[in-house]
Amino acid sequence: MIGFILRRLLQAVPLLIGVSLIGFGLMHLAPGGPLAVYTLNPTIQAQDIERIRIIFGLDQPVHVQYLNWAAGMFTGHWGNTFFGGRPVLEVILERLPATMLLMGSALSLAMLLGLAIGILGAVRRYGVFDALATTGALFALSFPTFWFGLMAIYVFAIELQWLPSGGMYELGEEGSVISLLRHLVLPACVLALVITATWSRYARSAFLEVIDQDFIRTASAKGVPPARILFRHAFPNAAKPLIALLGVELPFLFSGALVTETIFGWPGMGRLFVDALGMKEYPVLMGMMMFTAFFVIAGNLLADVAIALIDPRIRLS
Amino acid sequence: MLRTRIWRRFLHHRLALCGAVVVALLLASALFAPALAPQDPTLLDTAARFRPPFASWSHPFGTDELGRDTLSRLLHGGRVSLTVGLVAMVTTVLTGAMVGILAGYLGGVVDALLMRFVDTMLCFPQVFLLLVIAAFVPPSLVSISLVIGLTSWMEVSRIVRAEVLQIREQDFVAAARVLGVPPLRIMVREVLPNAAAPILVAATLKVASAVLMESYISYLGYGVQPPLASWGNMLTNAQGYLDSVPWLAILPGAAITLTVMGFNFLGDGLRDALDPRLRMDR
C-alpha cells in the first residue's frame, strides 16, 4: 500500500511542474506583466519601476525567475496583494471555510440524492421512474447555474420571501448558526442541482454494471435479502467509479461554486476570484489558480488511494 | 420488459428529435434574425421602458430598461451566442482531435507529453482559466470563441486518443503502413474518418457547453460587450430589476436553457445511435 501511495505521489510531480509552468506563463501573459499595478500607474517614474523590477528579481533570466517563483509557491510565499499588501495565501485561506461549507453541503446533498435516484433507476431499469430520472438529469444538466440561481432568488426570496437572497449572515447576526443555515439553503441547492444530475447518471451506470454480474445472481439465488445484496455486495463494487468521479468532478465543483457565489454574494473563494478579476489583482488570481489546481491534484490522489484501499487488485498491479 | 424498453428508447429518441428541431429552429432564427426582429435591437425608446411581454404587437416580448425591444435583442443575441458556440466548438474539436490523433497514433514520448499536458490543463477549473484569459485579452467575438475553445478541448482529445488506440491496431491501418503511406496521411485519411462518430457526438455536446460558457463570462462582464446583445449580458442588466421586472431575466435565461438542452438532447441521441459503446444507460 505504501509502495502504491509513493508511486502515485511520484506521478503527481509532473502535474505539479506542469501546473506551475502554466501559472507562471499566465502571470507573464497578463497585460503589463507581474508589475501591471506599477506600470499602469502614471504617478510612478520609469526609474522607480526599474528599481522595483530589480527588487522583484524581474531583471533575471526567465528560468531563474520561474525557479524563484516556484520555490515560493511550494514554501507558502505566494506574494502580496497589490491593494493592501497582504499575503496572498492568507487572503485565500480566509475565504476557504465559506467555500468549503458551500461545496461540502452541496456535494453531500447531491451525492445522497444522486445515489438514491441512480440506484432506484438501476434496480428498476427501464421503468417509469428510471425514464423520468434519466430525462430529468439531462434537463438538469442543461440548466445554466447562474440563471437557475437568479430564478431561485426571484421565487424564494422575492416572491415567497421564505429565504434571504444573498450573503452569509443577517446584519447584526454574524455567527448565528440559524442565520447561516437560512443563507446556505438556496446557494447549496442551486449548486447541488447539476451535481445531482451527474451523480445519478454515474450511479445508475455503475450499479447496472455490477447488478448483472454472477456474484450478485449467486447471492440472490442463495436467498440473501435484496437490501443486503444492494449494500453489502453491490455497493462496494459500484463505489469505485463513483469515488473516481469525486476526484474528477472537483474542478467542476470549483467552477460551479464560483458562479453560485457570485449570484448569492456568498463570501467564498469564487467571490474573491471575481472581485480580484475586477481589480486586476493578478497575484490573487494566480494564487487562486494554483490553489485550486493543488486541491484538484490532491483530491485525485486521495480518490485513487481510497479506490486502492477498496480494491486490492489495483494496488498490486 | 421488451415493451418498456421500446417505450424508453422511443422517449429517448423523441427527445433527440426534439433537440434536432429546437437546434434547427434556433439556427434559422439566428440566421434570419435581421429579417425576423421587429426592430433594431439597439434602438432606444425611453417612452416605452419596461413594457410587459405578450401585451402588444409592437413589442411581443416587452421592452427593457432602455426601451429596447426584447424579442429583437433575443434574436440578435442568439446570433451572437450561437456564433460563439459554433466557432468555439470548431476550435475545441480541431485542437482536441489533433492532439488526440497525434498522441494516440504516434504513442511513446509524444503521447506521454501531450497527455500530461492534458492532465495539467484539467487541474484548473475551466471557469477560472476562462475568466483569467478572457480578462487578459481584449474582448471580441473571435477572442471569446477562441478562449472558450482553447480551454475546453481536453476531454475531446482523450476521447479521440482512446478511439485512435483501437483503430491503430486494425488491419487496414497496418496495410496502409506496409504499403508505405506516410504517417500523416494515414492519420488523416485512414484513422480520422473511423473516429468520426465520437468526434461528432463530442462536437454537438461542446456547442452546448460553449454557449453556457459564453453566457457565464458575458454575464460577469468579460465576454460579449454591450451594446452588442448576447443572452449572457442581457442577464447582467436584468439582475438589477429582478424584483420589479422579472421577465427581463426569465426570457434570456430560457433562451440559453433551450439552446443548451437542444444540443445536449441531440448529442445524447447521436451517441445512442452512433456509438452504442458510449451509452450512459447500458
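Read-outs: derived from the displayed coordinates by stated rules, not from any lab. From a predicted model like this one, the values you see are computed outputs, not experimental measurements. Positions of Cβ are backbone-derived with ideal geometry, glycine not excepted, and every protein chain shown enters the neighbour counts.
As a proxy for reagent exposure, ranking B:Ile144, A:Ile49 by other Cβ atoms within 10 Å from fewest up yields A:Ile49, B:Ile144. Bridgeable lysines around A:Lys222 (alpha carbons under 26 Å apart, same-chain partners fewer than 8 residues away excluded): A:Lys240.
Expressed per residue, the C-alpha convex hull volume of the stretch A:170-311 stands at 143 Å³. Relative contact order, whole percent, for the stretch B:39-195 stands at 22, derived from Cα pairs under 8 Å and 6 or more residues apart.
Would you list A:Cys189, B:Cys123 from fewest to most Cβ contacts within 10 Å? Before the final figure, lay out the partial values.
On the way: A:Cys189 20, B:Cys123 24.
Lowest count first: A:Cys189, B:Cys123.
Hey, can you rank B:240-249, B:91-100 by average C-beta count inside 10 Å, highest first?
B:91-100, B:240-249
Computed over the stretch B:84-198, the P(r) tail beyond 24 angstrom holds 33 percent of alpha carbon pairs.
Computed over the alpha-carbon atoms, chain B gives an Rg to Rh ratio of 1.06, Rh here being the Kirkwood radius from the mean inverse distance. Taking A:Leu171, A:Leu245, A:Leu112 in turn, the Gaussian network model of chain A (Cα-Cα springs below 10 Å) assigns the largest fluctuation to A:Leu171.
Projected label points at B:Leu113 and A:Ile55, each 7 Å from Cα along the beta carbon direction, are separated by 4.0 nanometres.
Distance from the alpha carbon centroid of the stretch B:204-276 to that of the stretch A:54-123 works out to 28 angstrom.
The per residue volume of the convex hull around the alpha-carbon atoms of chain A is 178 Å³. Distance from the Cα centroid of the stretch A:268-285 to that of the stretch A:156-218 is 26 Å (rounded to whole angstrom). By the count of other C-beta atoms within 10 Å, a proxy for reagent exposure, B:Ile217, A:Ile216, A:Ile195 are ordered fewest to most as A:Ile216, A:Ile195, B:Ile217. Working from the pairwise distances between different alpha carbons, so that the mean of 1/r is found and then inverted, what is the stretch A:1-121's Kirkwood radius in Å? Result for the stretch A:1-121, one decimal place: 18.4 Å. Based on every Cα atom in the stretch B:144-212, Rg and the maximum pairwise Cα distance Dmax equal 14.6, 46 Å.
Calculated [222 nm] ellipticity per residue, helices only, for chain B: -22000 deg cm²/dmol; basis is -39500 (n - 2.57) per DSSP H run with n ≥ 4, divided by all residues, nearest 500.
Altogether, the Stokes-Einstein calculation at 10 °C and 1.306 mPa s, with the Kirkwood radius of the stretch A:108-164 over Cα pairs as Rh, returns a diffusion coefficient of 121 µm²/s.
For the protein assembly as shown, the equivalent ellipsoid derived from the Cα gyration tensor has semi-axes of 37, 34, 28 Å, listed largest first. Only DSSP H runs of four or more residues enter the estimate; each adds -39500 (n - 2.57), and after division by the residues of chain A the mean residue ellipticity at 222 nm equals -24500 deg cm²/dmol. Using C-alpha pairs under 8 Å with a sequence gap of at least 6, the mean separation divided by the residue count of the stretch A:179-317 gives a relative contact order of 24 percent.
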